[in-house]
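Just so it is clear, none of the values below were taken in a lab; they were calculated from the coordinates. Note that the structure is predicted; figures quoted are calculated from it, not measured. Every residue, glycine as well, gets a Cβ built from its backbone with ideal geometry; the counts of neighbours run over all protein chains shown.
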Amino acid sequence: MREAQITRTTRETDIQVNVVLDGQGRADIDTGIGFFDHMLTALSVHSGISMTIRVKGDLHVDGHHTVEDTGIVLGKALGEALGDKSGITRYGSAFIPMDEALSFCSLDISNRPFLVFQGSFTNAMIGSFDACLTEEFFRAFAFNAGITLHVNMMYGSNDHHKCEAAFKAVAHALKTAVTPLSDGKTLSTKGVL
């Protein structure tokens with residue numbers, strides 16, 4: 001089974017993450033930030049990747065360390081679960097609407113991490129979640145998983161809808177990209193990623 005468990009403890013956060021790529025998207029998430037839990041649950045359910053995430057962070061400071069460090073550890077866990085990344089579809093793209101909002105994601109599990117994030121929020125906060133940390137999460141996740149990740153919150157007026165559509169777009173693109181190929185070969189002209 002393709003899975004990994006990572007624990008990371010710093011002076012700012014204590015994080016345990018377990019991912020099961022073929023786990024049917026069962027989510028058990030507790031970061032201490034309600035809206036962030038909601039987004040990670042959407043990421044798990046819509047990608048089909050089961051995730052158990054436990055975070056204790058310095059929320060008395062703000063949510064930055066909690067959100068960014070969760071991205072780091074989740075990215076590392078995904079990368080470890082994928083191993084040498086052979087035998088996977090590798091690429092995925094998805095448009096996801098949520099009411100008036102539309103988001104797009106295209107990604108390549110390539111071992112060449114990069115993030116292009118386009119979009120903005122009207123309000124600073126979505127519940128107790130600092131909206132600007134959306135980009136920080138995706139950057140930490142992409143760079144630690146070895147993913148080239150493009151996220152475009154194309155339009156929308158409700159920040160909750162815009163953010164949730166982005167997380168779900170990433171989830172659906174990821175679901176495609178981690179799907180095993182029938183021949184088990186590495187999808188690369190080089191023969192390795």
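Would you mind stating whether T179 is surrounded by fewer than 17 Cβ atoms within 10 Å (Cβ to Cβ), in contact (Cβ under 8 Å) with a residue 40 or more places away in the chain and under 23 Å from A81 (Cβ atoms)?
On the way: surrounded by fewer than 17 Cβ atoms within 10 Å (Cβ to Cβ): yes; in contact (Cβ under 8 Å) with a residue 40 or more places away in the chain: yes; under 23 Å from A81 (Cβ atoms): yes.
Considered against the rule, which asks whether it is surrounded by fewer than 17 Cβ atoms within 10 Å (Cβ to Cβ), in contact (Cβ under 8 Å) with a residue 40 or more places away in the chain and under 23 Å from A81 (Cβ atoms), T179 comes out as yes.
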Taking region 105-124 and the residues there that are under 18 Å from M154 (Cβ atoms) and of a type in the set (V, I, T), the one that is nearest to the chain's Cα centre (by Cα) would be V116
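For region 110-129, which residues satisfy the criterion of being in a strand (DSSP E or B) and crowded, with 16+ Cβ neighbours inside 10 Å? So that I can check it myself, show each step before the final result.
Looking only at region 110-129, we keep the residues that are in a strand (DSSP E or B), and these are 114-118, 125-126, 129.
Those that are in a strand (DSSP E or B) and crowded, with 16+ Cβ neighbours inside 10 Å: L115, F117, I126, F129.
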Can you list residue pairs whose Cβ atoms sit under 9 Å apart, with the first residue in region 18-43 being under 16 Å from F141 (Cβ atoms) and the second being aromatic (F, W, Y) and in a strand (DSSP E or B)? Count only pairs 6 or more apart in sequence or on different chains.
I33/F129; F36/F129; M39/F129
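Of all residues in region 45-65, count the ones that are of a type in the set (S, T, Y) and crowded, with 24+ Cβ neighbours inside 10 Å. Give the steps one after another, and end with the answer.
The initial filter retains those residues of region 45-65 that are of a type in the set (S, T, Y), namely 47, 50, 52.
Now restrict to residues that are crowded, with 24+ Cβ neighbours inside 10 Å: 47.
Summing the residues that are of a type in the set (S, T, Y) and crowded, with 24+ Cβ neighbours inside 10 Å in region 45-65 gives 1.
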Conditions (1) touching a helix residue (DSSP H, G or I) at 6+ places or on another chain (Cβ under 9 Å); (2) part of a loop (DSSP other than H, G, I, E, B): number failed by S182
(1)
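Working only within region 6-27, note down all residues that are part of a strand (DSSP E or B) and surrounded by fewer than 14 Cβ atoms within 10 Å (Cβ to Cβ). Quick ask: steps written out before the conclusion?
Taking region 6-27 first, the residues part of a strand (DSSP E or B) are 6-9, 13-20, 27.
Residues satisfying the conditions are T7, T9.
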Total residues in region 44-85, condition out of contact with any Phe, Trp or Tyr (no Cβ under 7 Å at 6 or more places or on another chain), in a helix (DSSP H, G or I) and aliphatic (A, V, I, L, M):
7
